[in-house]
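The values are calculated or read from the model by the stated rules, or taken from the named source; none is laboratory data. No experiment lies behind these values; they were computed from the predicted model shown. Note: ideal-geometry Cβ built from the backbone for every residue, glycine included; neighbour counts use all protein chains shown. Each accessible area value is taken on the protein alone, full model and side chains, heavy atoms only, with ligands, DNA and RNA left out. Shrake-Rupley method; radii C 1.70, N 1.55, O 1.52, S 1.80 Å.
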Amino acid sequence: MMISNGIPLNITISLLLSAWDGLNIEVLRTAITSSMFTCFFFFLLCMAAMLTIFFTNSVARETPRYILFIHMLINDAAYLCFALLIFIFYVYHITLPVPVCYLMITLCETNLKVTPYNLAVMSLERYVAICFPLRHREFCTIPRTFLAIALVWTICLIPSVVDFIILCSSVNKSFFLLYVICSESNFTIIPMQEVIRIFAYVFTFSLAGLAILFTYIRITLIVLRIFSKKESASKAAKTMMLHALQLMLCMSSFGWSIVELFTKDNLVLLPTINFCFFLCLPRFLSIFIYGARDELFFGYIKRYFVRSASKIVSSLAT
């Protein structure tokens with residue numbers, strides 16, 4: 001069948017359907033992205049509340065456990081900020097100077113590796129507190145806590161420095177004057193760079209996983225030996241599962257590559273879905289897994305909401 005301008009009707013219908021599908025996909029992508037930004041906004045609010053509690057409470061500022069938690073919180077917030085910027089630039093094909101783009105990607109990758117090491121250090125701190133309680137104040141001091149944080153950042157930056165050296169030796173100086181879309185593939189010049197990245201990630205998560213497994217199995221055994229009550233053993237097991245869960249959430253950041261391998265030809269919204277569920281969601285959950293469960297932070301937040309509710313009730317009563 002032909003229409004008046006000579007174009008087959010079935011071709012016209014298929015073009016209209018394609019345009020409609022494209023519009024629906026764009027609407028869906030916008031809805032998913034808006035939901036993600038809403039979650040990020042609430043994440044920033046919760047982070048601001050916990051930072052306020054930390055810096056206004058002298059006990060929290062002098063406790064290594066809380067210092068490590070706040071460091072992890074700030075690191076996750078920085079990771080989300082860089083990841084969101086890179087995602088927006090990539091989706092809307094916004095080009096940036098090579099040095100700016102490379103710096104953002106490098107910081108984002110470094111933030112991703114810092115979290116597992118921070119979890120490992122938190123595990124070691126709890127291990128010392130429970131297994132060697134009399135020497136906890138001697139081993140886990142404030143200067144040593146900051147030294148551990150500096151060591152974590154140094155270890156995580158080493159692969160990035162090596163990658164930068166390889167990149168500089170593999171491209172011309174004019175490469176750094178170009179404008180590109182922020183994507184890791186644009187800076188992977190030789191296969192050795194990808195090998196270094198994979199090795200760094202495998203080493204990071206393997207070391208963190210072994211540290212968490214060792215420390216919390218030891219803690220559970222000691223608690224079972226000292227306390228006969230089932231509640232104590234259950235609490236230790238839940239703590240071990242908590243850190244293991246957080247590590248698995250961090251590792252889920254690499255799940256996007258597996259999903260993309262099998263569904264990239266069938267799902268147009270794959271990059272958006274991968275970014276939301278594999279990169280952002282684990283960071284959104286971390287603040288609630290640790291912050292809402294901790295007695296200090298939860299107590300302050302609970303008192304704040306109770307005061308706010310009482311003020312609202314009193315204002316309505318008057």
Quiz item: Among the residues of the stretch 161-174, is there at least one that is open to solvent by 60 Å² or more (accessible area, probe 1.4 Å), over 25 Å from Pro282 (Cα atoms) and within 22 Å of the chain's Cα centre (by Cα)?
Solution: yes
Practice problem: Looking only at the stretch 113-121, decide whether some residue is within 20 Å of the chain's Cα centre (by Cα) and open to solvent by 70 Å² or more (accessible area, probe 1.4 Å). | Solution: no
Quiz item: Take the residues of the stretch 81-99 that are surrounded by fewer than 17 Cβ atoms within 10 Å (Cβ to Cβ) and either at positive phi or assigned to a helix (DSSP H, G or I) (or both): which is modelled with the lowest pLDDT?
Solution: Val91
Exercise. Would you point out which residue out of Arg29, Arg65 is touching a helix residue (DSSP H, G or I) at 6+ places or on another chain (Cβ under 7 Å), open to solvent by 30 Å² or more (accessible area, probe 1.4 Å), in a helix (DSSP H, G or I) and at pLDDT 80 or above?
Key: Arg65
Quiz item: Of the residues that sit in the stretch 46-62 and are assigned to a helix (DSSP H, G or I) and surrounded by 14 or more Cβ atoms within 10 Å (Cβ to Cβ), which one is nearest to the chain's Cα centre (by Cα)?
Solution: Met47
Practice problem: Give just the number: which of (1) in contact (Cβ under 8 Å) with a residue 60 or more places away in the chain; (2) surrounded by fewer than 16 Cβ atoms within 10 Å (Cβ to Cβ) does Thr204 not satisfy? | Solution: (2)
Quiz item: Can you name the residue in the stretch 100-110 that is closer than 17 Å to Thr154 by Cβ and at pLDDT 90 or above and, of all such residues, is least open to solvent (accessible area, probe 1.4 Å)?
Solution: Thr110
Self-check item: When residues of the stretch 178-201 are limited to those that are of a type in the set (Val, Ile, Thr) and part of a helix (DSSP H, G or I), the one surrounded by the most Cβ atoms within 10 Å (Cβ to Cβ)
Solution: Ile196
Self-check item: Qualifying positions in the stretch 129-147 - part of a helix (DSSP H, G or I), at pLDDT 85 or above and open to solvent by less than 30 Å² (accessible area, probe 1.4 Å)
Solution: Thr145
Practice problem: For the stretch 182-228, name all the residues that are basic (Lys, Arg) and in contact with an Asp or Glu (Cβ under 9 Å, 6 or more places away or on another chain). | Solution: Arg197
